[in-house]
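In what follows, a single structure is set out as structure tokens and then discussed.
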Amino acid sequence: MKKIVNLFTVAVCALFLINASVSIATVSAGGKSVYLGGQPFGVRFYNDGLIVVELEDFFDGTQNVCPAKKAGLKVNDIIKEVNHIPVKTNEDLQNAAVNCGGKPISFTIERDGERKDIVITPQKNTMGIFLLGAWIRDSCAGIGTISYYDEDNNYFAALGHGICDNDTGALLPLGSAEIVKANISSVTKSVDGKAGSLNGYFSEETIGNLTENTTLGVYGVPNTDIFEKSQAIEIADYSEIKKGEAEIYTTIDGDNAACYTAEITKLCNDNERSNENFVIKITDDSLLDSCGGIVQGMSGSPIVQNGKLIGAVTHVFINNTAEGYGVAAQFMVSNYEE
């Protein structure tokens, strides 16, 4: 069985102490034109609530305890409110626990798309500090690649998969997310057994905001014309994708995308909820020499075959980094329209 990783390079995460299925109606994308992506971008992503990434016992001077676990809190739960007040940052939760005086705290959480209330009573550690025994995350940042821009509906699509928690793999609940220009300064080369990465830095130029974080990619609205030099291209239906030659557009230096040769080696499925619809293999010698194949940060890189946009890169195979999965562009479009 192939071991795979998604390709969103997470650069920054903040830590302290849901993916519901959606009915998607597939639509034919034949004849629809968009602007080709391939540009790198940076994202500063803030959760809608606080996601629980780990529950951990601590010593209270007598025994190991975990008040959060005892009260029924679970990994991947999303904490929405504390004592009926919305929480947005790690500090909100930390302050509530530290200043509770040992009194029970009311939590409103979201689990599997449903809200419920639980009560947790923090306990003191050996330093006399009240703790919950829960590690949470409120935000992340990273680098990815834009797939296409739809001028008719004024939105862009990127990544080809969702932004997920690094520790749990859960889709992060989108509160707000700012998209900025990114510049690729170096590449950590992939080798079989370990995925490499695009390394770069964010500029201060905001180019848009995300509106959706889904399993088939992220979507957002641009606030500047970053696609003025892009080429218009027709989106292919899944039925038009064939095994054989293709091209991938991605950026491995600076902020300008380049075209590299590739090959579609396998058609996997026509499941409109899957981001693993086909297998792509890098055949371009320069890209193999520079990157060792596919690296983290390339997720969203558009794939073109016979002059049409067929999809975007989503994952790399750890045991063969020249290959990875791609998601069909048709399904990215229908997912957004739904």
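The values are calculated or read from the model by the stated rules, or taken from the named source; none is laboratory data. Small disclaimer: the values here were computed from a predicted structure and weren't measured. Neighbour counts run over all protein chains shown; Cβ positions are idealised from the backbone, glycine included.
For the reader, a short list of remarks on this structure follows.
- Residue within the stretch 288-301 that is farther than 21 Å from ASN199 by Cα and in contact with a helix residue (DSSP H, G or I) (Cβ under 8 Å, 6 or more places away or on another chain) present: no
- The set of residues in the stretch 79-112 that are in contact with a Leu (Cβ under 9 Å, 6 or more places away or on another chain) and among the polar types (S, T, N, Q) comprises THR89, ASN90, GLN94.
Residue-wise test of (1) within 15 Å of VAL43 (Cβ to Cβ); (2) of a type in the set (Gly, Ala, Ser).
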{"site": "ALA97", "(1), (2)": "no, yes"}
{"site": "GLY113", "(1), (2)": "no, yes"}
{"site": "LEU132", "(1), (2)": "no, no"}
{"site": "ILE163", "(1), (2)": "yes, no"}
{"site": "ASP167", "(1), (2)": "no, no"}
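- Residue count for the stretch 288-313, restricted to those that are out of contact with any Ser or Thr (no Cβ under 7 Å at 6 or more places or on another chain) and more than 16 Å from GLN39 (Cα to Cα): 8
- Enumeration of residues in the stretch 318-338 that are under 16 Å from LEU267 (Cβ atoms) and either outside the structural domain of SER274 (by TED's automatic domain parsing) or part of a strand (DSSP E or B) (or both): GLU323, GLY324, TYR325, GLY326, VAL327, ALA328
- Selection from the stretch 262-282 of residues that are in a strand (DSSP E or B) and in contact with a helix residue (DSSP H, G or I) (Cβ under 8 Å, 6 or more places away or on another chain): ILE282
- Residue that is surrounded by the fewest Cβ atoms within 10 Å (Cβ to Cβ), among those in the stretch 283-314 that are among the small types (Gly, Ala, Ser) and part of a helix (DSSP H, G or I): SER286
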